[in-house]
1. Calculate log10 I(q)/I(0) of the chain for q = 0.08, 0.11, 0.19, 0.20 Å⁻¹, where I(q) comes from the Debye formula with a single equal point scatterer on each Cα and nothing for solvent.
2. Dividing the Cα convex hull volume of region 28-97 by residue count, how many Å³ per residue is that?
3. Given R₀ = 30 Å, FRET efficiency for Lys160-Lys128 by Cβ-Cβ distance, to 0.05?
4. Rounded to the nearest 500 deg cm²/dmol, what is the calculated helix-only ellipticity per residue at 222 nm for the chain, with -39500 (n - 2.57) per DSSP H run of length n ≥ 4?
5. Fully extended, how many nm does the chain gain between Asp59 and Ile4 (0.36 nm per residue separation, minus their Cα-Cα distance)?
6. For Arg38, put the label point 7 Å out on the Cα→Cβ axis and report which residues of region 2-23 keep their amide N under 11 Å from it.
7. May I ask you to derive the FRET efficiency for Asn19 and Phe118 from their Cβ-Cβ distance with R0 = 25 Å, giving the value to the nearest 0.05?
8. Dipole of the chain (Lys/Arg Cβ +1, Asp/Glu Cβ -1, origin at the Cα centre): which of Cys47, Asn19, Ala67 lies farthest to the positive side?
Amino acid sequence: MEIIENDKKEKVLIDKYDNFVKKYVFINMGDYVGYKTRQWYESAPDCFRLMICDQFQDDKIVSHIEALVDDSGEYSRIMVDKYGCFRRVILIDKGMILEDSVNKLSDNGFGDEVIKNFKSNNNFSKVKLRDYLQEDDILETNDFVLEFLDTNEKFKNEFKGKKR
């Protein structure tokens, strides 16, 4: 992997393969993560999280993953788009699945057809994200999400900064 942008707010990495390229965008969420537990006069530490991953083939984007984090730095939503095929949205709370929906694009390109929908109905039925993703594969999206999570874990330690 090669870092192509490296500043206080954003780090962009490129990973080149034989027939495609992956671009990872890490954003410094330090001002947001942990703001409830800091005093107003304390400066925020760097807290980089992988927020976007795009896969390019022949200079065209073929898949896109986008995430949101909560104020503790954990993912609260992961959205996967495989262009021309499907969109998946996973809602997460403290590492547990709240909801997961996979929508397949219709043949005519309009609207969505739900091919999987999971919603936890109470605290006892919640499943850990990694366990859930390793259970069964839905249109190959589980591999995308697991690789996204692993990349975040690998680099968030390398990008740990000091207080600004």
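1. Each listed q maps to, in turn, -0.27, -0.51, -1.26, -1.33.
2. Details: hull volume 6.3 nm³, N = 70.
Taking only Cα atoms, region 28-97 has a hull volume of 90 Å³ per residue.
3. It comes out at approximately 0.80.
4. One gets -5000 deg cm²/dmol as the mean residue ellipticity at 222 nm.
5. Answer, rounded to one decimal: 18.1 nm.
6. Under 11 Å, as judged by backbone N against the label point of Arg38, lies no residue of region 2-23.
7. 0.15
8. Cys47
The values are calculated or read from the model by the stated rules, or taken from the named source; none is laboratory data. None of the values given here were measured: they were computed from a predicted structure. Every residue, glycine as well, gets a Cβ built from its backbone with ideal geometry; the counts of neighbours run over all protein chains shown. In case anyone asks, the SASA skips ligands and DNA or RNA and just uses the protein heavy atoms, side chains included. Shrake-Rupley method; radii C 1.70, N 1.55, O 1.52, S 1.80 Å.
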